[in-house]
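The values are calculated or read from the model by the stated rules, or taken from the named source; none is laboratory data. For clarity, every value in this text was computed on a predicted model and none was experimentally measured. Here the Cβ positions follow ideal geometry from the backbone for every residue, glycine too, while neighbour counts run over all protein chains shown.
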Amino acid sequence: MSEKPCVFVHTNHRQLVGALVSQHSMRRGSRHADRFDVRILDTRDFPYLRAREGQTYLREGRDALWRHDDLQSFTPLRFLPPELMEYRGRALVVDPDVFAVGDVYELLSRDMQGKAVLCRARSGSKGRSGGMASSVMLLDCARLRHWRCERDFGELFEGRRDYMDWICLKLEPRESLGLLEDEWNDFDRLSPRTKMVHNTKRQTQPWKTGLPVDFTPARKRAKPLAPTTWLRPLRRLLGSGADRASVYAPHPDPAQERFFFGLLRECLEQGEITEALLREEMRRDHLRHDAFEVLERTPPLAA
């Protein structure tokens, strides 16, 4: 393994285009791109993930079925980089829908002040209960020798580890975790302060607009007095919102769509992604079918 710090973009086949664009953005946005590596981790290269297809695992205290084909089946790979780095040096691990705007070398070279992991807090109820966002993590690999991805993944199916506790870093000593500024994992916000933008809302990811939804939305606990709860049966009866729920919607922020397709345009121009690959991903319904039309109307990104 190289002695350089490394950015790991983890993905599965459904999010490959996003991962390739993310990889490009990490180098593009840095004045020190020669000082770190960027590597894609693909679920297809780790057979132990597929081997659990259809098995029951522990999630939020209840049984759930593992689907290797799920849109987010890559999440266990967030915990693999320290092993791949042989528990040396720095690693940055990001989801395939995270794109660098600023210089990630600022993060890779930062003083971690003795912390094993730097990340931001989750939003919503999971954040209020102490959950951390493992979708972007800066790792001091030498302090994470207890991370064994295949073993820990297996413990989910033995009932010894809860997926949400694992993914929210609740199994880590709290004193080993430090906070990143929100700009390094900006949830669906692109502002002058953003360092990395994260398209967290799956149904509005800019490269999927108009495609059939291929994920199961998270179940929200109903609030008996909330209007959305008692109106839900009526909407279901009238069919209201059915079409919106069945396809990916446009991203509400046109600037984030332009940013993604500006990056994708550069990938094509520089030969990092081929037209043939994009057409194959469109055929598989992993990339919106009007992608080339969007590329044509997308202006080049500023240097």
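Among the conditions (1) under 21 Å from ARG28 (Cα atoms); (2) under 24 Å from the mean Cα position of the chain (by Cα), PRO299 misses just one, which is (2). In segment 113-130, which residues are farther than 13 Å from ASN185 by Cβ and at pLDDT 95 or above? Residues satisfying the conditions are GLN113, GLY114, LYS115, ALA116. Among the numbered conditions (1) more than 24 Å from PRO47 (Cβ to Cβ); (2) touching a Lys or Arg at 6+ places or on another chain (Cβ under 9 Å); (3) in a helix (DSSP H, G or I); (4) not aromatic (Phe, Trp, Tyr), the only one that ASP103 does not meet is (3). Pairs linking a residue in segment 280-292 that is in contact (Cβ under 8 Å) with a residue 12 or more places away in the chain and closer than 12 Å to LEU16 by Cα to a residue that is among the polar types (S, T, N, Q) and surrounded by 13 or more Cβ atoms within 10 Å (Cβ to Cβ), with Cβ atoms under 8 Å and 6 or more positions apart or on different chains, are HIS286/GLN15. Residues in segment 1-23 that are surrounded by fewer than 20 Cβ atoms within 10 Å (Cβ to Cβ) and either among the β-branched types (Val, Ile, Thr) or in a helix (DSSP H, G or I) (or both): HIS13 only.
Condition test on ARG31, is it in contact (Cβ under 8 Å) with a residue 24 or more places away in the chain and either under 19 Å from VAL94 (Cα atoms) or hydroxyl-bearing (Ser, Thr, Tyr) (or both)? No.
Take the conditions (1) in a strand (DSSP E or B); (2) touching a residue at least 60 places away in the same chain (Cβ under 8 Å); (3) under 19 Å from the mean Cα position of the chain (by Cα); GLN72 misses just one of them, which is (1). Number of residues in segment 157-206 that are farther than 17 Å from VAL101 by Cβ and part of a helix (DSSP H, G or I) equals 12. As for segment 56-67, it holds at least one residue that is at pLDDT 95 or above, over 21 Å from ARG202 (Cβ atoms) and touching a helix residue (DSSP H, G or I) at 6+ places or on another chain (Cβ under 8 Å).
Checking segment 138-147 against the condition returns a match, with at least one residue being of a type outside the set (Asp, Glu), modelled with pLDDT of 95 or more, crowded, with 21+ Cβ neighbours inside 10 Å and assigned to a strand (DSSP E or B).
Tell me yes or no: at least one residue of segment 34-46 is among the polar types (S, T, N, Q), surrounded by 14 or more Cβ atoms within 10 Å (Cβ to Cβ) and either touching a Gly at 6+ places or on another chain (Cβ under 7 Å) or more than 28 Å from ARG258 (Cα to Cα) (or both). There is at least one residue in segment 34-46 that is among the polar types (S, T, N, Q), surrounded by 14 or more Cβ atoms within 10 Å (Cβ to Cβ) and either touching a Gly at 6+ places or on another chain (Cβ under 7 Å) or more than 28 Å from ARG258 (Cα to Cα) (or both).
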